[in-house]
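The values are calculated or read from the model by the stated rules, or taken from the named source; none is laboratory data. This is a predicted model, so every value here is computed, not measured. Neighbour counts are summed over all protein chains in view; Cβ atoms, including those assigned to glycine, are modelled from backbone coordinates with ideal geometry. The accessibility values were calculated without ligands, DNA or RNA, using every heavy atom of the protein model including side chains. Shrake-Rupley method; radii C 1.70, N 1.55, O 1.52, S 1.80 Å.
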Amino acid sequence: MADSMMSKAATMEIPINSNGDSRNLAEDDSLEQDLQQVMVSGPNLNETSIVSGGYGGTTEGIIPTSSIKGSNMHHASSNSSMTAEEATRGVAVEKFDIMKKWGLNTYKCTKQMISERFGRGSRTVDLELEAQIEVLRETKRKYENVLRLARALTNHFYSMVQTQHALGDTFADLSQKSPELRDEFGYNAETQKLLCKNGETLLGAINFFVSSINTLVNKTMEDTLMTIKMYENARLEFDAYRADLEELNMGPRDAVTMARIETAQQQYQIHKDKYERLRSDVSIKIKFLEENKVKVMHKQLLLFHNAISAYFAGNQQQLEQTLKQFNIKLKPPGADKPSWLEEQ
């Protein structure tokens, strides 16, 4: 019965041994019945009476409090209290069911995880998809290293540009105060100012490169990895319920066991559908991520190469043309500073 339901097109099971013991699960039904019985048979605190005799006396000495308020008020308050009481009980039972389902699911998944960890269970493996996931994780690690180095380059180059700017101002000041070296200080000041201007242009290109890599790594790839995490959790749940169904099928076939097998079969099918749906989602996202990565990196690597080459070749016109080609607009000096109204 289980063999027919566990056919897999692109997956396979790696069996190791048995999946552990689940004999404690038989106590769940009796636990639920006991708790519900306690909740239903509890005392009705809304029905009170005044007892005039001692404990165990006859009913002649009991004066109902409802007679004090009148029969109409008694019926109205009784109906409202019963409605509120039933609603409270319904909420309590619903919360209990939710906690029970969560506890059973956690128990099964934990048992499956431990069984896999110690080599006593079996897990479903899609070899092709697992290889793609591992490649994605390795690619993300390498791109994170590229992002780290590009940010370091940006910080060092920014410091160099600021130093060139300060050096140019110093040369210009000395050119005014040293008549005998006016020309020498003058053209050095102009050179540093030109280098500073080209450096700011190159910084714009590098910042655009860093921003694009950051989006690719920390948003696009991270979104796919979040779906992969959901897929791995669904795989663990699927294997846990599959192992539970296999154990029940190997046991006796009495009436109680058949009912539990039917319930386990339904849960197995639900988690199988969830697992297959998320497996399909992961495959699609990995495919689109690869296409997007190639498209983005082709553009960014071309930008990085052209900007660096133009800067170190001293070709200011080509450097500016590169930024226009990729629609990069530089912020004017002081654009990040708040206005005088914002400072107030």
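Computed from the C-beta positions of residue 284 and residue 218, the FRET efficiency with R₀ = 30 Å rounds to 0.90. One chain, two ends: residue 157 and residue 254. Fully extended at 0.36 nm per residue, the span grows by 27.2 nm beyond their Cα-Cα distance. Once the 1.4 Å probe is applied to the protein heavy atoms, the range 240-283 comes out at 52 Å² accessible per residue.
Could you do me a favour and compute the accessible area per residue for the range 160-235, 1.4 Å probe, result in Å²?
Per residue, the range 160-235 has 53 Å² of solvent-accessible surface.
Assuming R0 = 51 Å, can you tell me the calculated FRET efficiency for the pair residue 118 and residue 178, based on Cβ-Cβ distance, to the nearest 0.05?
0.05
In the complete set of protein chains, residue-level accessible area for residue 99 is approximately 120 Å², probe 1.4 angstrom.
If the chain linking residue 145 and residue 269 were pulled fully straight, counting 0.36 nm for each residue of separation and taking away their Cα-Cα distance, it would gain 40.4 nm.
What's the ranking of 204-216, 129-141 by average number of surrounding C-beta atoms within 10 Å, highest first?
Details: 204-216: 18.4, 129-141: 14.0.
Highest-to-lowest ranking by the protection proxy: 204-216, 129-141.
Extension gain, residue 276-residue 187: 0.36 nm per intervening residue step, less the Cα-Cα distance, totals 25.0 nm. Computed in the context of the full set of protein chains, the accessible area of the range 208-252 at 1.4 Å probe radius has 58% of its extent on carbon or sulfur.
At q = 0.15, 0.19, 0.21 Å⁻¹ the log10 of I(q)/I(0) for the range 168-314 amounts to -0.88, -1.06, -1.14, computed by Debye summation with a single uniform scatterer per C-alpha, solvent ignored. Under 5 Å between amide hydrogens, built in the peptide plane, is the criterion, and for residue 123 it picks out 14 among residues at least 5 positions away or on other chains. Solvent-accessible area assigned to carbon and sulfur over the range 93-173 amounts to 62 percent, based on a 1.4 Å probe.
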